[in-house]
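Here's the structure, in structure tokens; my notes come after.
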Amino acid sequence: MYDVTIVGCGVIGASLAYTLSRYQLRVLVLEKENDVAMGTTKANSAVVHAGYDPANGTLMAKLNVRGSAMMEELCRNLSVKYKKTGSFVVAFDEEQRAHLEKMLDNGKQNGVPGLQLLSGEEARRMEPNLSEAVCAALYAPSAAIIDPWGLCIAEAETAVRNGVELKLRSAVTGLEDRGESVLVHTATGDYETRFLVNCAGGWGLDICEMTGAHEWEAHPSRGEYYLLDKSSGNLVSHVIFQCPTAAGKGVLVAPTVHGNLIVGPNAHEVADPMSRETTLSGMDEVAEVSHRSVPGIDFRQSIRNFAGVRANTSEADFIIRPAKNMPHMLHLAGIKSPGLSAAPAIAEYAAALLHDMGLVLEAKAAWDGTREQIRFKELSDEEKAALVRRDPRYGRVICRCETITEGEIVAAIHSPIPPCSVDGIKRRAGAGMGRCQGGFCGPRVVDILSRELGCSPLDIRQDGDGTYILTGKTKGGEQA
């Protein structure tokens, strides 16, 4: 019998697992994919929002501001990339300027620190590449950028190291209410738990309906992005938003913690949370809208297009409450933007709700909530030399674009949650993140994965199950 079972290991599920790993509990995390961070967590804007946008008094507002305040220390403890850049919301006319004044007032009510309303000239002095058409800007110094999948992986790994069990490829297929517990049917077996938490993201309604209730409507929304080469990474130094609309926070232009420039997203409702394709019309839309904020964006420097799907619902706020007809189940659903920013606070709030529902939270005598990750290219020359003497694999560069070594890749493979795919290595170590997008290092990563996992190269995937890279042999017996 588990004390708590968490369905889904995106950043919300991982944050809750990390938080609950502090306590003397038997915790299980069920993830339907072959790795963690496989949904919206790996395809989003990578921004820690300041918290001026959510309506005052909502869970979004409360948890965004609290989560933003928690994030820097959390990332430092877990060796996750984080940078406080500040953000601008820009206005192009007096009507939008008036909207910024309302956002300023709302942000102050939410407790966002340091908000200022700037003139266009003041904004351009801080951000010279802003359009001359910008007449005003709301400046939020507490906004930041982050490695979102890095946070999820770090929290999940640290939770596992502290005793949480993770079962991958374990899609939930049914639920049975047993009064004082819930029996969870999955692709890998049945698990009984005292409390169940729905952190299934875009599939949250599917889990809800397994209780026999239909508590909200799902309206997944796809957003498309450009990722530009590091040659464009310094075009702006802040996160640049346009005035939000009913569709969301709109197309942004921002640096990334990896040194690139990210541009997007648009917002289009889709029927399926797996609808992550990019479209010519969508990419044209993103380019056109973003040029209004920052005319100097050179989309010829694009190295990657991708799309993510937000878990939008019929409810404007986050859905964080016990299930209506299953008293030992808690929903953490509809976690759209600013869900990443709020994630640590959502986990803190959910743990308190579970306690109110009857879960005993007794702190462990020994708990280590830290994690260290070696990034070879960030070390001093002396540190690099000492590391190579200890382990020569750190002296062999595999990914030339990002200067990622064999030692870093091997360390990722032997981490608490071993990756089975090339993109799993990419998310953990950074190999394949650069300009050539794995064109050079991809085959070498396959070889290292095959060697370290003791499997055939034919078993190595690009990412999710079914995305095989090698499919057979040539007539001469060589791998094809």
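Where a number appears in this text, it was derived from the coordinates with a stated rule and is not lab data. Every value quoted in this text rests on a predicted model; they were computed, and no experiment measured them. Virtual Cβ from ideal backbone geometry, glycine too; neighbours counted across all protein chains shown.
Quick notes on this structure:
- Taking the Cα centre of region 84-188 as reference, the dipole from Cβ charges on Lys and Arg (+1) and Asp and Glu (-1) amounts to some 320 debye.
- Positive-pole candidate from 187, 360, 75, dipole of the chain, charges at beta carbon: 75
- Length-normalised contact order for region 284-375 - Cα pairs under 8 Å, 6+ apart - percent: 17 percent
- Distance in nm between pseudo-label sites at residue 388 and residue 72 (7 Å out along the Cβ direction from Cα): 3.6 nm
- Other residues with beta-carbon under 10 Å from the beta-carbon of residue 415 carry, at +1 per Lys or Arg and -1 per Asp or Glu, a net charge of +2.
- Length-normalised contact order for the chain - Cα pairs under 8 Å, 6+ apart - percent: 19 percent
- Listed by chain and number, the aspartates and glutamates placed with their C-alpha closer than 13 angstrom to that of residue 84 are 72, 73, 147; residues fewer than eight positions away on the same chain are left out.
- The magnitude of the dipole of region 381-480, with charges of +1 and -1 set on the Cβ of Lys/Arg and Asp/Glu and taken from the Cα centre, is near 200 debye.
- Each Cα pair under 8 Å and six or more residues apart adds its separation to the average, and for region 317-365 the resulting relative contact order is 27 percent.
- Packing, taken as the mean count of other beta carbons within 10 Å per residue, orders the peptides 79-88, 217-226 from highest to lowest as 217-226, 79-88.
- For residue 285, the shell of other residues with beta-carbons less than 13 Å away shows a net charge of -1, using +1 for Lys and Arg and -1 for Asp and Glu.
- Here the label points at residue 56 and residue 102, each 7 Å from Cα along the C-beta direction, are separated by 1.4 nm in the simple model.
- The Cα center of region 118-155 and the Cα center of region 1-29 differ in position by 33 Å.
- Among the DSSP helices (H) of the chain, none spans at least 27 angstrom by Cα along its long axis with an average Kyte-Doolittle hydropathy of -0.5 or more; this is a geometric and hydropathy rule only.
- For the chain, size of Cβ-based charge dipole, Lys and Arg +1, Asp and Glu -1, in debye: 1240 debye
- In the chain, the DSSP-assigned H stretches of four residues or longer account for a calculated mean residue ellipticity at 222 nm of -9500 deg cm²/dmol, using -39500 (n - 2.57) per stretch and the full residue count as denominator.
- Spin-label model distance (nm) - residue 357 vs residue 287, 7 Å beyond Cα toward Cβ: 4.8 nm
- Cα gyration tensor shape of region 365-463, rounded if a/c is under 1.5, else prolate or oblate by comparing a/b with b/c: oblate
- Under Karplus coefficients 6.51, -1.76 and 1.60, residue-wise ³J(HN,Hα) of region 254-267 in Hz, glycine/proline x: 8, x, 10, 5, 8, x, 8, 10, 10, 9, x, x, 7, 8
- Measuring from each cysteine beta-carbon in the chain, the ones with no other cysteine beta-carbon under 4.7 angstrom are 9, 75, 135, 152, 199, 208, 243, 401, 420, 436, 455.
- Set of lysines with alpha-carbon distance to residue 32 below 28 Å, sequence-local pairs under 8 removed: 42, 81, 167, 324, 336, 426
- Estimated FRET transfer efficiency when R0 is 22 angstrom, pair residue 372-residue 455 (beta carbons, to 0.05): 0.20
- Checking (1) 33, 31, 21; (2) 47, 23, 21; (3) 37, 27, 23 against the coordinates, the calculated semi-axes √(5λ) of the Cα gyration tensor in Å falls under label (1).
- Spatially, region 301-337 and region 31-101 are offset by 15 Å when compared through their Cα centroids.
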